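Asker: Structure below; questions to follow.
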Amino acid sequence: MKNIAILGSTGSIGTQALEVIGENPSLFNAYVITANNNARLLIQQALQFKPAYAVICDESKYAEVKQALAKTDTKVLAGIKAINEIVTDPKIDIVLTAMVGFAGLEPTIAAIKAGKTIALANKETPVVAGELITDLAKQHKVKILPVDSEHSAIYQCLVGEENNKIEKIILTASGGPFRGKTAADLAAVTREHALKHPNWVMGAKITIDSATLMNKGLEVIEAKWLFDLSADQIDVIVHPQSIIHSLVQFEDGSIKAQMGLPDMKLPIQYALASPDRLKNNFKRFNFTDYPQLTFEKPDIMTFRNLGLAFDALNKGGNMPCIINAANEVAVAGFLSNGVTFLAMSALIESCMQNISFQTQPTLDDYLNTDKETRIFAQNLIKQMPAKAYNLI
Ligand SMILES: NC(=O)C1=CN([C@@H]2O[C@H](COP(=O)(O)OP(=O)(O)OC[C@H]3O[C@@H](n4cnc5c(N)ncnc54)[C@H](OP(=O)(O)O)[C@@H]3O)[C@@H](O)[C@H]2O)C=CC1
Ligand SMILES: CC(=O)[C@@H](O)[C@H](O)COP(=O)(O)O
Ligand SMILES: [Mn+2]
């Protein structure tokens, strides 16, 4: 029986992880669950899964959760510091990082330092601090098992290939809801359009990232660190059906792909059960339902974020941290209707040009870069009319 700490149990990945745990009660136990402020769902999950701990980040919701769980054995904690502490509990086997955004960084570091296996969904962590995280994982002999579907695909393709060199990897991208659109079309798109992903149902932030292709940019950086690759070993191909989740090309030219219907429960289950595969009743892929699997080049002239992410990867240092923070502010601004779709790339580029660059950042430097970038980006949003951004 593995004890799992699910950081972000109330989100898209978190709720699907609980489904996987519920389907395999003899293998997995939800030992810790956490939410940012969704107290109602956290309470429901605690009543159903009976974890040892339920943590609510928003301290103003503590009393509500505590009262609702008063007659249970679940201990209730509050605040982000409580998450950093609870991940070190000796009974935890795996920490599933399913929180969204930069907030995932410190709990992931705390969990690695405590020697916990990491099931990594929070891609922002390796984007911001890939070198620091992978060095720490080596130092503490900790496994980082990818949950992101593309990285899980690559990881699965690499099983049994430990002695073989990777020539390159090919990350597949759906192209998002605006595939094929021109910049003029994009000037008028709304958050409602952008939130309709063609193949996946996910949290709001990653869904917008998919629409701008920033998700693929973040995944390129994530892949660099998880698989120790250089930027020119990472290709991106648009595959609108999201059936091939990614591919690895070895030095003999042979390509291995991992395929399946788009369903995050599979990579979540694979990470939790690793190295085993578990029998399940997930819907199976049928070739005749998909007479065409198609592939095309990403349009990086229109969807500028993918190119910006490659620039950040090539520049290194704290630049990926800068694009991550700028992107989080841009996406929040777009979701609240204050920033237009095209303005998001302009905002990110402006942050890349203006925030102090550091070649060898420490954790404190990342924390400061994140703060500095958010303030700068928020000021840009306040000062400049959205229309002006649209013209850049
Ligand atoms: N959804 C997907 O299919 C995929 C997601 N990922 C990655 O997984 C991560 C989670 O994504 P997803 O599940 O879609 O996101 P959601 O927005 O659906 O869920 C986010 C979770 O994190 C919690 N949370 C949000 N902000 C904070 C914070 N500041 N401090 C602590 N907890 C917080 C939320 O709590 P509350 O509910 O209270 O707000 C919620 O439990 C992201 O990094 C994403 O890129 C990767 C591949 C696929
Ligand atoms: C499910 C998952 O891993 C997402 O990251 C998904 O890949 C998003 O799709 P695109 O970014 O390819 O549109
Ligand atoms: Mn992905």
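The values are calculated or read from the model by the stated rules, or taken from the named source; none is laboratory data. Here the structure is a predicted model, which is why all the values come from computation and not from measurement. Methodologically, a virtual Cβ is constructed for each residue, glycine included, from the backbone with ideal geometry; neighbour enumeration extends over all protein chains shown. What goes into the accessible areas is simple: the full protein's heavy atoms, side chains included, and nothing from ligands, DNA or RNA. Shrake-Rupley method; radii C 1.70, N 1.55, O 1.52, S 1.80 Å.
Asker: Which values of log₁₀ I(q)/I(0), to two decimal places, follow from the Debye formula for the stretch 26-137 at q = 0.14, 0.24 Å⁻¹ with a uniform point scatterer at every Cα?
Answerer: The Debye formula, applied to the Cα set alone, gives -0.55, -1.35.
Asker: So how far, in whole Å, is the C-alpha centre of the stretch 1-36 from the one of the stretch 250-281?
Answerer: Centre-to-centre (Cα) distance: 19 Å.
Asker: Taking the Cβ of V127 as the center, what net charge do the other residues with Cβ under 10 Å away carry, scoring Lys and Arg +1 and Asp and Glu -1?
Answerer: With Lys, Arg at +1 and Asp, Glu at -1, the net is -1.
Asker: Considering only DSSP states other than H, G, I, E and B, which trypsin sites (Lys or Arg not before Pro) in the stretch 279-361 qualify as loop sites with at most 14 other Cβ atoms within 10 Å?
Answerer: Those satisfying the criteria are K279, K283, R284.
Asker: Oh, and also: D276 to V159: extension gain in nm, 0.36 nm per residue of separation minus the Cα-Cα distance?
Answerer: That pair, D276 and V159, stretches by 41.0 nm at full extension.
Asker: How many nm is it between the label spots at K75 and H140, if each spot is 7 Å from the Cα in line with the beta carbon?
Answerer: 1.9 nm
Asker: What does the charge dipole of the chain about its Cα centre add up to, to the nearest 20 debye, if the Cβ of each Lys and Arg holds +1 and the Cβ of each Asp and Glu holds -1?
Answerer: Here the chain has a charge dipole of around 940 debye.
Asker: Another question, if that's okay. Hey, with R₀ at 25 Å, roughly what FRET efficiency would E64 and E192 work out to, going by the Cβ-Cβ distance, to 0.05?
Answerer: 0.20
Asker: Write down the accessible area per residue of the chain in Å², having rolled a 1.4 Å probe over the full set of protein chains.
Answerer: Per-residue value: 45 Å².
Asker: Kirkwood Rh and Cα-based Rg: tell me the resulting Rg over Rh for the stretch 275-392, rounded to two decimals.
Answerer: In the stretch 275-392, Rg relative to Rh is 1.15.
Asker: Using only alpha carbon pairs under 8 Å that are at least six residues apart, calculate the relative contact order of the stretch 2-146 and give it in whole percent.
Answerer: Here the relative contact order equals 21 percent.
Asker: Another question, if that's okay. How large is the charge dipole for the stretch 213-282, taken about the Cα centre, if only the Cβ atoms of Lys, Arg (+1) and Asp, Glu (-1) carry charge, to the nearest 20 debye?
Answerer: Value, rounded to 20: 380 debye.
Asker: May I ask for the net charge around F49, where only other residues with Cβ less than 13 Å from the Cβ of F49 are counted and Lys, Arg are +1 while Asp, Glu are -1?
Answerer: Overall, the nearby charge balance is -2.
Asker: Name the residue from V32, S356, A137 whose Cα lies farthest towards the positive end of the charge dipole of the chain, charges +1 on Cβ of Lys and Arg and -1 on Cβ of Asp and Glu.
Answerer: So the residue furthest toward the plus end is V32.
Asker: Report the full-extension gain for the segment D364 to I255: residue separation times 0.36 nm, less the Cα-Cα distance, to one decimal in nm.
Answerer: Between D364 and I255, full extension yields 35.2 nm more.
Asker: Moving on. With the alpha-carbon atoms as the only input, what is the per residue convex hull volume for the chain in Å³?
Answerer: For the chain, the hull spanned by Cα atoms encloses 141 Å³ per residue.
Asker: What are the lysines whose alpha-carbon lies under 19 Å from the alpha-carbon of K116, with same-chain residues fewer than 8 places away excluded?
Answerer: The qualifying lysines are K2, K81, K91, K138, K141, K143.
Asker: Assign one of three labels to the stretch 58-117, namely rounded, prolate or oblate, based on the Cα gyration tensor with a ≥ b ≥ c the square roots of its eigenvalues; rounded applies when a/c is under 1.5, prolate when it is not and a/b is larger than b/c, and oblate otherwise.
Answerer: Because a/c hits 1.5 or more and a/b fails to exceed b/c, the stretch 58-117 counts as oblate.
Asker: Within the stretch 87-126, name every residue whose backbone N is under 17 Å away from a label modeled 7 Å from Cα of T15 along the Cβ vector.
Answerer: Correct set: 98-100.
Asker: So, one more: So which aspartates and glutamates pass the test for K50, namely a Cα distance under 16 Å, with those fewer than 8 places away in the same chain ruled out?
Answerer: In chain and number order, the partners are E19, E23, D73.
Asker: Still on this model: Considering the dipole of the chain built from charges on the beta carbon (Lys and Arg +1, Asp and Glu -1) around the Cα centre, which of N314, V220, M1 is farthest to its positive end?
Answerer: Farthest towards the positive pole: M1.
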